Amino acid sequence: MSEDQRKLLLSLQIADFNVIEWVLYMHTHPDDLAGCQKQKEAMKIAAKTRKSYVALYGPLTILTPISCTKKSETPWPWQV
């Protein structure tokens, strides 16, 4: 795994963690409109980061849509 791939994967993990934290916060503060906006922004950042990672390095999970005509040359995250 290259250093760039590692950095992007770490960024994705941080973004996903941030989303989980906001979801948990919103469960206990359902009327916080600013928190709701921050959760939506965190979700957008995580989705954008995930899309970048998949475009560069291939699918992260079995649920990620793949191309049937293009074979990925990079190993899956658990193969590294």
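The values are calculated or read from the model by the stated rules, or taken from the named source; none is laboratory data. All of these numbers come straight from a predicted model, not from anything done at the bench. In this analysis, Cβ positions are derived from the backbone assuming ideal geometry, glycine residues included, and neighbour counts consider all displayed protein chains.
What to note about this one:
- Going through (1) loosely packed, with under 13 Cβ neighbours inside 10 Å; (2) part of a loop (DSSP other than H, G, I, E, B) one by one, A55 falls short only on (2).
- Selection count where residues are loosely packed, with under 12 Cβ neighbours inside 10 Å and among the small types (G, A, S), scope region 1-25: 1
- Selected residue (only one of T28, T74 is exposed (fewer than 13 other Cβ atoms within 10 Å of the Cβ) and either farther than 16 Å from A15 by Cβ or modelled with pLDDT under 95 (or both)): T28
- Neighbours by Cβ (under 7 Å, 6+ apart or cross-chain): first from region 9-32, farther than 14 Å from S52 by Cβ; second buried (at least 16 other Cβ atoms within 10 Å of the Cβ) and among the aromatic types (F, W, Y): none
- Number of residues in region 12-38 that are under 30 Å from L56 (Cα atoms) and touching a Phe, Trp or Tyr at 6+ places or on another chain (Cβ under 8 Å) equals 2.
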